[in-house]
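Every number in this text was worked out from the coordinates using simple rules, so none of it is lab data. Nothing here was measured: the structure is a model prediction, and the numbers come from that model. For neighbour counting, all protein chains shown are included, and Cβ atoms are generated from backbone atoms with ideal geometry for every residue, glycine included.
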Amino acid sequence: MPCPVYSFEYQNILTFLFYLVIFFSEVTAVRQSAKQQAAPGKELSMNTLRKIYCRAFQKAFHIAIPFLPYRKPKIAGSVKELPEIIMRHKCTHVLIITDGGIMKLGLTRRLEKALKEAGIPYTIYDKTVANPTTVNVREALELYHKEDCDAIIGFGGGSSMDCAKAVGACAVKPNQSLAQMKGILKVHKKLPLLMAVPTTAGTGSETTLAAVITDADTRYKYAINDFPLIPRYAVLDPKVTLSLPPFITATTGIDALTHAVEAYIGNSTTIDTRRDALKAVKLIFENIDIAYEHGDNIQARRNMLHASFYAGCAFTKSYVGYVHAVAHSLGGQYNVPHGLANAILLPLVLREYGSCIDKKLHRLAIAAGLADKNTPDHEAAELFIRAIEEMKERFGIVNIVKEIQETDIPKLAHYADKEANPLYPVPKLMDASELEKFYYMLMSLTSKENTSEAEK
């Protein structure tokens, strides 16, 4: 007889997870209490209790992964395949969600031509901004209803795809605001046919169950996470990436690398996510410099798209970490491009984790061609981190975010803390006060001066 858990509808898994969290929290708390009784001179701090809660929460989700309805999007190799897909699903009008830059570059022309030749009506919303806002979603949703659309294509970077996901969620949940859907498993309903065409090889949004939206009034950036948000189809067409400038190629490529690394070093990996992360790291180290220096190299562009896809599959299940949490706060407050923020932060956060990730970085270093199995763990870890730093130097990525205001840092760190804890299964837990150091590092002061200031 099959395990009855498999018969759960995913809407009911929240209850299952809730009780699991309680169970692990209680078990861990009992153990901690016993340790405290054995050492009566020490008091149990709130910080320790919070860490217990975070780890229990993460453990519950890790246990639940096999029971959750994760799926990979079906892959299409060209935008020319989309008309057949749309007709197969009997859709009658498509909303294409993109941005002004994509339109100016003419990247949608091949898709538009294919749709026209197939006789499929379409409407374009091209006002999506970096770090899409609630205003973007509202405007695109109004257009969706006005034109009686029944399919959505997110065409562009992560921002366009996130906006497309949020529009789809709002279309099927008309009585709920975006804010009410933030968090985990609050959409529930099947979205209209959702297709994603990434024009950068980095975000992995074409694979994920998340849509990251910025509140237009507060600038607070939050994520909506639910399985219906995973696009039905991911179009990995290298031709739409050929016009990417070298710097964007670099930052989005390191964005994909960040996804793979954070997924791999976290505590909620599976056999599949570890395999996907290693594939992504290998492909990125083999192709990112070629794509950067020779943007017209179709094979390098294709390989980077597949690397981004694999990295997306990895972090969708195994989550990310503090690199993303801090980057999201910078994007929400200052509109810092997400890929750039991740690229700047990745080696800083890896160094902060210290020796607890050496073994995992060793395996990543082997995948990247930087070490072999006989290299000591700490040496391989240093080789891997240094390779990322050298990559940033080659691509002209500096460790400064000039927009950061010192008075904003407590708020930014609070946002990062709220996003990451308890959800992200990071190798080393940090609270808001500990996360502040990264913002100081990114100010125009030297890292040494920043660290000293943060410690005052």
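So what's the back-of-envelope 222 nm ellipticity for the chain, counting only DSSP H runs of four-plus at -39500 (n - 2.57) apiece and dividing by all residues, rounded to 500?
Details: 18 runs with 252 residues, N = 456.
Counting only the DSSP helices, I get -18000 deg cm²/dmol.
Let's test the formula: R0 of 22 Å, r as the Cβ-Cβ distance of residue 418 and residue 176. What FRET efficiency results, to the nearest 0.05?
According to the calculation, E is roughly 0.60.
Where the only charges are on Cβ atoms (+1 Lys, Arg; -1 Asp, Glu), what is the dipole of the chain about its Cα centre, to the nearest 20 debye?
Roughly 1160 debye, rounded to the nearest 20.
Where the centre of each part is set by its Cα atoms, how far does segment 401-429 sit from segment 242-259, in angstrom?
What the calculation gives is 23 Å, centre to centre.
What is the magnitude of the charge dipole of segment 98-200 about its Cα centre, with +1 placed on the Cβ of each Lys and Arg, -1 on the Cβ of each Asp and Glu, and no other charges, expressed in debye to the nearest 20? Write down the numbers at each step before the final one.
Working: 14 positive and 10 negative charges, 53 e Å.
Here the size comes out at about 260 debye.
In nanometres, what is the gap between the two model label sites at residue 74 and residue 298, each 7 Å from Cα along Cα-to-Cβ?
So the two model labels end up 2.4 nm from each other.
Taking the Cβ of each residue in 89, 259 as the centre, tally the other Cβ atoms inside 10 Å and list the residues starting with the fewest.
The most exposed by this proxy come first: 89, 259.
How far apart, in nm, are two points set 7 Å out from the Cα along the Cα-to-Cβ line at residue 373 and at residue 50?
My value for the distance between the label points is 4.2 nm.
Once both labels are modelled 7 Å past Cα along the beta-carbon direction, what's the residue 399-residue 109 spacing in nm?
Taking the simple label geometry, residue 399 and residue 109 are separated by 4.4 nm.
Would you please classify the overall shape of segment 228-317 from the alpha carbon gyration tensor, given that a ≥ b ≥ c denote the square roots of the eigenvalues, rounded means a/c under 1.5, and beyond that prolate means a/b larger than b/c while oblate covers the rest?
Taking the square roots of the gyration eigenvalues as a ≥ b ≥ c, segment 228-317 is prolate.
Going by the alpha-carbon gyration tensor, a ≥ b ≥ c the square roots of its eigenvalues, is segment 187-268 rounded (a/c under 1.5) or, if a/c is not under 1.5, prolate (a/b greater than b/c) versus oblate?
rounded
For segment 377-406, run through the GluC sites (Glu not before Pro) and keep only the ones in DSSP coil with at most 13 other Cβ atoms within 10 Å of their Cβ.
Those that pass, being in a loop and sparsely packed, are 403.
Once you have a ≥ b ≥ c as the square roots of the Cα gyration tensor eigenvalues for segment 87-175, tell me rounded if a/c is under 1.5, and otherwise prolate or oblate according to whether a/b is larger than b/c.
Details: a/c = 2.07, a/b = 1.11, b/c = 1.86.
Because a/c hits 1.5 or more and a/b fails to exceed b/c, segment 87-175 counts as oblate.
Put +1 on the Cβ of every Lys and Arg and -1 on every Asp and Glu Cβ in the chain; which of 203, 184, 295 then has its Cα farthest towards the positive end of the dipole?
Towards the positive end, the residue furthest out is 184.
Can you sort 148, 272 from fewest to most other Cβ atoms within 10 Å of each residue's own Cβ?
Ranking 148, 272 by Cβ neighbours within 10 Å, fewest first, gives 148, 272.
For segment 298-456, what's the relative contact order in percent, using C-alpha pairs closer than 8 Å and at least 6 residues apart?
Relative contact order here is 26 percent.
Under 5 Å between amide H atoms, partner at least 5 residues away or on a different chain: which partners does residue 96 have, H built in plane at 1.01 Å?
Amide H neighbours of residue 96: 123, 124, 125, 153.
Using Rg and Dmax of the Cα atoms in Å as the read-out, say which of (1) 26.0, 85; (2) 22.1, 73; (3) 22.0, 78 was calculated from these coordinates.
Given (1) 26.0, 85; (2) 22.1, 73; (3) 22.0, 78, the calculated one carries the label (3).
Write out the trypsin sites (Lys or Arg not before Pro) in segment 324-386 meeting two conditions: DSSP loop, and at most 16 other Cβ atoms within 10 Å of their Cβ.
Values: sites: 351, 359, 360, 363, 373, 386; in loops: 373.
Answer in residue order: 373.
What's the exposure ranking of 439, 70, going from fewest to most Cβ atoms within 10 Å?
Fewest-to-most Cβ neighbours within 10 Å comes out as 70, 439.
Relative contact order of the chain: what whole-number percent is it, with Cα pairs under 8 angstrom and at least 6 residues apart?
Computed value for the chain: 13 percent relative contact order.
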